[in-house]
Ligand code: FAD
């Protein structure tokens, strides 16, 4: 079974800083990690390989330092990793990102399953996986919490707020996985040493059969008008009175004073 996992390197912080001039993320000086949901994706792929045999390939589109994220996935047990990196890919929105990743998948050739994380913790759109499936013309299931493969049939449990939906699809398929699917393994010393010795090829725009009008900023129809960190909410007022009637009367008075009612 040929399994491809899409992995994004993201800033290790919940306080992502925004460059007000360019409306893009400030990545300098911020430590990076593997997007946590993508570790679940790698773990799911490794478990499928352990059950069915085959090969796990991890791919990432990003700057040269994204190699570190790929190395961590190799240390977990992935067989190969490819970095898709070129200045021409810079400024990509989700459509251009998914188009480029789909082109890399096409270059890899044969595959059975592509696994993505549910979403990236920085961009947070959850669009890249489904868009890739569209570019590749294959089936997709999002929010996957369990995967069972029998022959050409993939049976998945899809997480809902109120339970699970059981879906059967044919291979090849793209699945985006949620946190509850598994507990990602920690890389051991042997895996880390092996990963450090492995070469990670870099594929540039010239290596992929891409239309240059569809990559990077040029290929990105999304225009970010404004991006900002919401201001912290101030603490509310607590009204404590002996009876509910008195408390409600005071609440109404305060709302009236503030011209809300
Ligand atoms: P999601 O869709 O939430 O990710 C879902 C899953 O897709 C991930 O779990 C992972 O499995 C996979 N995935 C997502 N991204 C990648 C990736 N790169 N490689 C491999 N797998 C991946 N970002 C920049 O860093 N620099 C920029 O200059 C920049 N410019 C932008 C300009 C515009 C107009 C817009 C709209 C966005 C820009 N972004 C930029 C953000 C960039 O579009 C997103 O980071 C990227 O497209 C992924 O979207 P997401 O983070 O919402 O991922």
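Values quoted throughout were computed directly from the atomic coordinates according to the rules given, and no laboratory measurement underlies them. Because the structure is a prediction, the values reported are computed rather than measured. Backbone-built Cβ (ideal geometry, glycine too); neighbour counts: all protein chains shown.
With neighbour counts taken as other beta-carbon atoms within 10 Å, the residues 161, 212, 250 rank, fewest first, as 161, 212, 250. Modelled label positions at residue 185 and residue 258, each set 7 Å beyond Cα in the direction of Cβ, lie 5.4 nm from each other. Reported to the nearest whole Å, the Cα centre-to-centre distance from the range 1-51 to the range 125-173 is 20. Assign one of three labels to the range 193-233, namely rounded, prolate or oblate, based on the Cα gyration tensor with a ≥ b ≥ c the square roots of its eigenvalues; rounded applies when a/c is under 1.5, prolate when it is not and a/b is larger than b/c, and oblate otherwise. Verdict is oblate for the range 193-233.
Classify the range 112-185 as rounded, prolate or oblate from the Cα gyration tensor: take a ≥ b ≥ c as the square roots of its eigenvalues, call it rounded if a/c is under 1.5, otherwise prolate when a/b beats b/c and oblate if not. Oblate is the answer for the range 112-185, as a/c is 1.5 or above yet b/c matches or exceeds a/b.
In degrees, nearest 10, range 0 to 90: what is the angle between the Cα axis of helix 94-108 and the longest Cα principal axis of the chain? With rounding to tens, the tilt is 20 degrees.
Please work out the FRET efficiency for the pair residue 51 and residue 192, using the Cβ-Cβ distance as r and a Förster radius of 30 Å; give the result to the nearest 0.05. Approximately 0.80, to the nearest 0.05. Helical content of the chain, expressed as a calculated mean residue ellipticity at 222 nm, amounts to -9000 deg cm²/dmol (DSSP H runs of 4 or more residues, -39,500 (n - 2.57) each, divided by residue number, nearest 500). When the Gaussian network model of the chain links Cα atoms closer than 10 Å, the mean-square fluctuations of 42, 110, 34 top out at 110.
One chain, two ends: residue 165 and residue 148. Fully extended at 0.36 nm per residue, the span grows by 4.7 nm beyond their Cα-Cα distance. Ratio of Rg to Rh for the range 2-214: 0.95 [Cα atoms; Kirkwood radius as inverse mean 1/r over pairs].
Contact order, relative form, for the range 95-148: 43 percent (alpha carbon pairs under 8 Å, 6 or more residues apart, mean separation divided by residue count). Annotation for residue 21 and residue 65: the two label points, set 7 Å from Cα along the Cα-Cβ direction, are 1.9 nm apart.
In this simple spin-label model, placing a label point 7 Å from the Cα along the Cα-to-Cβ direction at both residue 28 and residue 223 gives a separation of 2.7 nm. Going by the alpha-carbon gyration tensor, a ≥ b ≥ c the square roots of its eigenvalues, is the range 175-261 rounded (a/c under 1.5) or, if a/c is not under 1.5, prolate (a/b greater than b/c) versus oblate? Judged from the Cα gyration tensor, the range 175-261 comes out oblate (a/c at least 1.5, b/c at or above a/b).
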